[in-house]
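Visitor: Have a look at this one.
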2 protein chains.
Amino acid sequence: MKDGLLTRADCAHAIAGHAYASPADTLRALAQRSAGADRDLYGVGETLNAFERKIAKLFGKEAAVFMPSGTMAQQIALRIVADRTGRRAFAAHATSHVVIHEQAGYARLHDLAFVPAGTPVALISLADIRAVAEPVATLLLELPQRELGGELSTWDELVAIAGEARGRGWHLHLDGARVWECAPYYGKTYAEIAALFDTVYVSFYKGIGAISGAMLIGSQAFIDEAKVWQRRHGGNLYSLFPYVFSAEQSFDERIGRMADYWQAAQRVAKAFAPYPDVTLRPSPPVTNMFHAFLRGSAQTYLERAQRIAAEREIWTINKLAPTPTPGVFTWEISCGDATVALNDAQLAAALDGLFTPVG
Amino acid sequence: MKDGLLTRADCAHAIAGHAYASPADTLRALAQRSAGADRDLYGVGETLNAFERKIAKLFGKEAAVFMPSGTMAQQIALRIVADRTGRRAFAAHATSHVVIHEQAGYARLHDLAFVPAGTPVALISLADIRAVAEPVATLLLELPQRELGGELSTWDELVAIAGEARGRGWHLHLDGARVWECAPYYGKTYAEIAALFDTVYVSFYKGIGAISGAMLIGSQAFIDEAKVWQRRHGGNLYSLFPYVFSAEQSFDERIGRMADYWQAAQRVAKAFAPYPDVTLRPSPPVTNMFHAFLRGSAQTYLERAQRIAAEREIWTINKLAPTPTPGVFTWEISCGDATVALNDAQLAAALDGLFTPVG
């Protein structure tokens, strides 16, 4: 309960995400599984550095560095390329995390300029890239595109975009906050996906489910330089071990389940079909996530969600975001272990409870 | 053992620091003591925010914000004042952490200029402040001055310096990485010390002994603005709870022991007296720390330290840093729980082992 409302912690079941654990339980589990693991000191430690090498290898790159956040990792990647090329501009989707969630750190800390590619409401296309009229240092692509419900370009389009960018001499950076989740759809290895890019950022607390943490992956020289910028950002911590252990353990636990999460998303998406007040994007889902666009009263939906939580211990709507269209709200659903564990009867009951007026 | 050498982890006793705990044991203890504590989300959480309010109150300021590192906290403080005043320069001691340990982040991220006050080998005096010929935005003072063995100005000199800086319209920022440790010498409360300053940075992993973490403390408006910069730096993490719980628990455990640590430092310093090859700075210590300047061969000292570790399980020299003077090295000793627990016979045996040639 928080402010008189039930929360995720009060529900044994959930339509999205992984199993809930309290912070104390999370720490206890970490302690149990990390006997013998060593403490890192300012970025140096056997456990930490072995994990970095493992992830770099998975992506077919020379090196990786663990950072507290993706905000730090991506700004640093953009800065390094800008300084190397003498070009301050980077191109990205208008809904990129760098652009909408980081208080313009790219501009205020790094004197970089953002060039939008395409429009905010569709994926970046090859035509959009060709329409970028100015030289940029980097093209940042996000796979999948989170603010578009996790949409993905086709593999052929992606290859064509990468080829066009390379042809113009641009650095290609992958915002891979959710890249783990797109490999099943593409049917490609992480190394095959990363081969289209010079540098990759990955996150460990979304699909992987760790406490926090990210990595920047690229050539040895790039990562060596990134570590200098990490120090400047204040991200070269005295000790990162709680995040490192959590990331490593969660990675080992969940990296093999990404196809299950995608399948779970498809199952949940299908269960929405009977309800006329809902539209999904994308439909069907191409990763573990999608956005449900709900027509009606946000207040009513949230009250129904509370009732379902109280009566069935199933957590459904965490948050409804307004859209420019009056009376339409988005619910972001990212499927995980909890979704896989939810049976069909529970799923149907939850959606019935959300979308059927109480008689 | 690491690379064939004994380490702190191999010794039951130590001349400096706190008790050694493996990362797994640290996490286990954290888990045990944090039942019921809540998980923070992007800087918001009951446990986190209550701890911030507690520290702000201790320093007599309106607000505080937890950050992953002091590097981040201090650059942010300097940036905010520079933007508010339109002055890019700040004054500080030449050995300030901001200047020597942060890869010039102040310049490369924030376009700030450093103005040295005084000389690298002595504390900043009132005369040094008067000699600063250009207007600066901020005067950053470090209490105690770590690179000078933890020296402290007298209280009267400190008050005079602060008055001079205020008279010139400068913001006063306290680098309080080790401020916990200087209150016993001054005989002042933290609020009395902080009253000389507009903003304060404190660290939780040095004397306090937590895993990592820092706070920036000041007016509500200043801290609100600092949170925007924290987001830009990539320091507004999805979840900080392992650091928060560790900082809070370590603070409660050790904040009342700072006078004991100072007393322990005085006891250790006295035990050095019989050995002509050692000079201490400061002598006597004014906090829990001091620097021992050792004449002779660094290799010989480190070999003797290994022998003491092997024969007596007492950890002594962690690192010897070269000085400009040939044949003179510094050993930084920061006293803590382990020092308090070391008995006089162990202390004498350890120093005898270090400074007496083997017969």
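Visitor: May I ask you to verify whether B:VAL286 is of a type in the set (A, V, I, L, M), in contact (Cβ under 8 Å) with a residue 60 or more places away in the chain and either outside any helix (DSSP H, G or I) or outside the structural domain of B:GLU192 (by TED's automatic domain parsing) (or both)?
Guide: On the way: of a type in the set (A, V, I, L, M): yes; in contact (Cβ under 8 Å) with a residue 60 or more places away in the chain: yes; either outside any helix (DSSP H, G or I) or outside the structural domain of B:GLU192 (by TED's automatic domain parsing) (or both): yes.
The answer is yes for B:VAL286.
Visitor: For region B:59-76, give me each residue that is under 15 Å from B:ASP175 (Cα atoms) and within 12 Å of chain A (Cβ to nearest Cβ).
Guide: Correct list: B:MET67, B:SER69, B:GLY70, B:THR71, B:MET72, B:ALA73, B:GLN74, B:GLN75, B:ILE76.
Visitor: With the condition kept exactly as written, say whether any residue in region A:296-306 is of a type outside the set (S, T, N, Q), in the same structural domain as A:ALA264 (by TED's automatic domain parsing), under 25 Å from A:TRP180 (Cα atoms) and surrounded by 13 or more Cβ atoms within 10 Å (Cβ to Cβ). Reasoning before the result, please.
Guide: Step one: list which residues in region A:296-306 are of a type outside the set (S, T, N, Q), which gives A:296, A:298, A:301-305.
This time we only want the ones that are in the same structural domain as A:ALA264 (by TED's automatic domain parsing), so: A:296, A:298, A:301-305.
When the remaining residues are screened for being under 25 Å from A:TRP180 (Cα atoms), the result is none.
For region A:296-306, residues of a type outside the set (S, T, N, Q), in the same structural domain as A:ALA264 (by TED's automatic domain parsing), under 25 Å from A:TRP180 (Cα atoms) and surrounded by 13 or more Cβ atoms within 10 Å (Cβ to Cβ): absent.
Visitor: Can you tell which of A:ALA345, A:ALA338, A:ALA292, A:ALA321 is free of Cβ contacts under 8 Å to residues at least 12 places away in the same chain and within 21 Å of the chain's Cα centre (by Cα)? Quick ask: steps written out before the conclusion?
Guide: Working: A:ALA345 fails: within 21 Å of the chain's Cα centre (by Cα); A:ALA338 fails: free of Cβ contacts under 8 Å to residues at least 12 places away in the same chain; A:ALA292 fails: free of Cβ contacts under 8 Å to residues at least 12 places away in the same chain.
A:ALA321 is the lone residue from the list that is free of Cβ contacts under 8 Å to residues at least 12 places away in the same chain and within 21 Å of the chain's Cα centre (by Cα).
Visitor: So which of B:THR330, B:THR325 is assigned to a loop (DSSP other than H, G, I, E, B) and hydroxyl-bearing (Ser, Thr, Tyr)? Can you show your working first?
Guide: Details: B:THR330 fails: assigned to a loop (DSSP other than H, G, I, E, B).
Sole residue among the options that is assigned to a loop (DSSP other than H, G, I, E, B) and hydroxyl-bearing (Ser, Thr, Tyr): B:THR325.
Visitor: Which residues, taken from region A:23-40, are closer than 14 Å to A:GLN249 by Cα and within 27 Å of the chain's Cα centre (by Cα)?
Guide: A:THR26, A:LEU27, A:ARG28, A:ALA29, A:LEU30, A:ALA31, A:ARG33, A:SER34, listed by residue number.
Visitor: Then there is this: Looking at the structure I just gave you, is B:ALA35 within 7 Å of chain A (Cβ to nearest Cβ), surrounded by fewer than 16 Cβ atoms within 10 Å (Cβ to Cβ) and either in contact with a helix residue (DSSP H, G or I) (Cβ under 7 Å, 6 or more places away or on another chain) or at pLDDT below 95 (or both)?
Guide: Details: within 7 Å of chain A (Cβ to nearest Cβ): yes; surrounded by fewer than 16 Cβ atoms within 10 Å (Cβ to Cβ): yes; either in contact with a helix residue (DSSP H, G or I) (Cβ under 7 Å, 6 or more places away or on another chain) or at pLDDT below 95 (or both): yes.
Yes, satisfied.
Visitor: What are the residues in region A:1-19 that are surrounded by 17 or more Cβ atoms within 10 Å (Cβ to Cβ), assigned to a loop (DSSP other than H, G, I, E, B) and within 14 Å of another protein chain (Cβ to nearest Cβ), if any?
Guide: Matches in region A:1-19: A:HIS18 only.
Visitor: On to the next question. Mind telling me which of the residues A:GLY150, A:GLY176 ends up being buried (at least 22 other Cβ atoms within 10 Å of the Cβ), more than 14 Å from every other protein chain (Cβ to nearest Cβ) and in contact (Cβ under 8 Å) with a residue 60 or more places away in the chain? If you could, list the steps in order and put the result at the bottom.
Guide: Working: A:GLY176 fails: in contact (Cβ under 8 Å) with a residue 60 or more places away in the chain.
Result: A:GLY150 is the single residue among A:GLY150, A:GLY176 that is buried (at least 22 other Cβ atoms within 10 Å of the Cβ), more than 14 Å from every other protein chain (Cβ to nearest Cβ) and in contact (Cβ under 8 Å) with a residue 60 or more places away in the chain.
Visitor: Could you grab me the full set of residues in region B:96-131 that are part of a loop (DSSP other than H, G, I, E, B), among the aliphatic types (A, V, I, L, M) and either without any contact (Cβ under 8 Å) to a residue 24 or more places away in the chain or in contact with a Lys or Arg (Cβ under 8 Å, 6 or more places away or on another chain) (or both)?
Guide: First, the residues of region B:96-131 that are part of a loop (DSSP other than H, G, I, E, B): B:96, B:101-104, B:109-112, B:117-125, B:131.
Checking the rest, the ones that are also among the aliphatic types (A, V, I, L, M) come to B:104, B:109, B:112, B:117, B:121-124, B:131.
Result: B:ALA104, B:LEU109, B:LEU112, B:ALA131.
Visitor: Output the helices (runs of 4 or more DSSP H) that fall wholly within region A:213-282 and possess 3 or more residues being under 23 Å from the mean Cα position of the chain (by Cα) and within 12 Å of chain B (Cβ to nearest Cβ), or say none.
Guide: On the way: elements: A:220-233, A:241-254, A:258-271.
In region A:213-282, A:220-233, A:241-254 are the helices (runs of 4 or more DSSP H) which contain 3 or more residues that are under 23 Å from the mean Cα position of the chain (by Cα) and within 12 Å of chain B (Cβ to nearest Cβ).
Visitor: I need the full set of residues from region A:243-297 which are aliphatic (A, V, I, L, M) and out of contact with any strand residue (DSSP E or B) (no Cβ under 8 Å at 6 or more places or on another chain), in order please. Spell out the reasoning first.
Guide: Initially, region A:243-297 is screened for residues aliphatic (A, V, I, L, M), giving A:244, A:247, A:255, A:258-259, A:264-265, A:268-269, A:271, A:273, A:278, A:280, A:286, A:289, A:292, A:294.
Across region A:243-297, the qualifying residues are A:ILE255, A:MET258, A:ALA259, A:ALA271, A:ALA273.
Visitor: What tally of residues in region B:38-58 results from selecting those that are more than 14 Å from chain A (Cβ to nearest Cβ) and out of contact with any strand residue (DSSP E or B) (no Cβ under 6 Å at 6 or more places or on another chain)?
Guide: As a first pass, look at region B:38-58 and keep what is more than 14 Å from chain A (Cβ to nearest Cβ): B:50, B:52-58.
If we keep only those that are out of contact with any strand residue (DSSP E or B) (no Cβ under 6 Å at 6 or more places or on another chain) too, we end up with B:50, B:53-54, B:57-58.
Total meeting the criteria: 5.
The values are calculated or read from the model by the stated rules, or taken from the named source; none is laboratory data. On a predicted model such as this, the values are computed, not experimentally measured, just so you know. Cβ coordinates were reconstructed from backbone atoms using ideal geometry, including for glycine residues, and neighbour counts include every protein chain displayed.
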